[in-house]
Amino acid sequence: MTETPNADTPTTDSAVPAATAAPDAPAAPAAPAAPAAPAAPTVSVVGPGDGETVLLGTTRMRILEDGGTTGHRLGIAESVIAPHTPGPPQHRHAGHDEGFYIVSGSVRFTVGDEEHDAVAGTLVVVPPGAPHTFANVRDEPAVMLSTFTPDPYVRYFRELRDLHAGSEAVTPEAQLRLMRRYATEPAGAPAPGPS
């Protein structure tokens, strides 16, 4: 059975151009634009010789993830610490968690008054506010993978490198100002607030 249109129902002919509509008829609203599809997540693959190298005295750091791939939720760096390298002064962070995984060698962590000799395969996680430092007290290099959650502390290492590469001698005050820009204080100072 074939249906015929009801005489009271208007029909449209797709061959009739839209311009033939009555001149006083309101224009039909434009269809809303479809929302743009979200960009596909980018996968970062950093090969053995890749990454940004930052030299900090006798420590060679390789930035593997600066937060650009992770929405700045996570930064990752690999550090090769030369034998008998003292670490930074004991300090506390207010703005990020820090993780350390020992890949090879041994790293001595000092947390308050406690010392921990972390050998290959050891993970040390330092939450905000916990005083800590680390050093390589052994005769062989140590390799350590560090995480920063969120990532801004990666920029601290870049700025520290640039500070030491400058023409002027680096003062303790200049180093302290840099640390404070990243919500970090020496362990003996009052706990820093979030940045």
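The values are calculated or read from the model by the stated rules, or taken from the named source; none is laboratory data. Here the structure is a predicted model, which means the values were calculated and not measured. For neighbour counting, all protein chains shown are included, and Cβ atoms are generated from backbone atoms with ideal geometry for every residue, glycine included. Ligands, DNA and RNA are stripped out before the accessible areas are found, and what is left, the full protein with its side chains, is counted by its heavy atoms. Shrake-Rupley method; radii C 1.70, N 1.55, O 1.52, S 1.80 Å.
What the table shows:
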item: Filter pass, Val54 being closer than 15 Å to Val154 by Cβ, of a type in the set (A, V, I, L, M) and in contact with a Phe, Trp or Tyr (Cβ under 7 Å, 6 or more places away or on another chain); result: yes
item: Test result for Ser44, polar (S, T, N, Q) and modelled with pLDDT of 60 or more; result: yes
item: Residues of the stretch 127-146 satisfying the condition of being within 22 Å of the chain's Cα centre (by Cα) and open to solvent by 50 Å² or more (accessible area, probe 1.4 Å); result: Pro127, Pro128, Leu145
item: Tally, over the stretch 165-181, of residues that are closer than 17 Å to Arg155 by Cβ and outside any helix (DSSP H, G or I); result: 1
item: Which listed residue, of Glu115, Glu173, is at pLDDT below 95 and more than 23 Å from the chain's Cα centre (by Cα); result: Glu173
item: Residue in the stretch 101-121 that is closer than 23 Å to Gly67 by Cα, open to solvent by less than 30 Å² (accessible area, probe 1.4 Å) and touching a residue at least 40 places away in the same chain (Cβ under 8 Å) present; result: yes
item: Filtered residues of the stretch 79-112 (kept if within 19 Å of the chain's Cα centre (by Cα) and more than 20 Å from Tyr182 (Cβ to Cβ)); result: Tyr101
item: Flag for Val124 being modelled with pLDDT of 95 or more and crowded, with 18+ Cβ neighbours inside 10 Å; result: yes
item: Restricting the stretch 63-81 to residues that are touching a helix residue (DSSP H, G or I) at 6+ places or on another chain (Cβ under 9 Å) and open to solvent by less than 50 Å² (accessible area, probe 1.4 Å), the residue that is nearest to Arg108 (Cα to Cα); result: Ala77
item: Inter-residue pairs, beta-carbon under 9 Å, first among the acidic types (Asp, Glu) and in the stretch 145-161, second in a strand (DSSP E or B) and open to solvent by less than 60 Å² (accessible area, probe 1.4 Å), 6+ apart; result: Asp151/Glu65; Asp151/Gly75; Asp151/Ile76
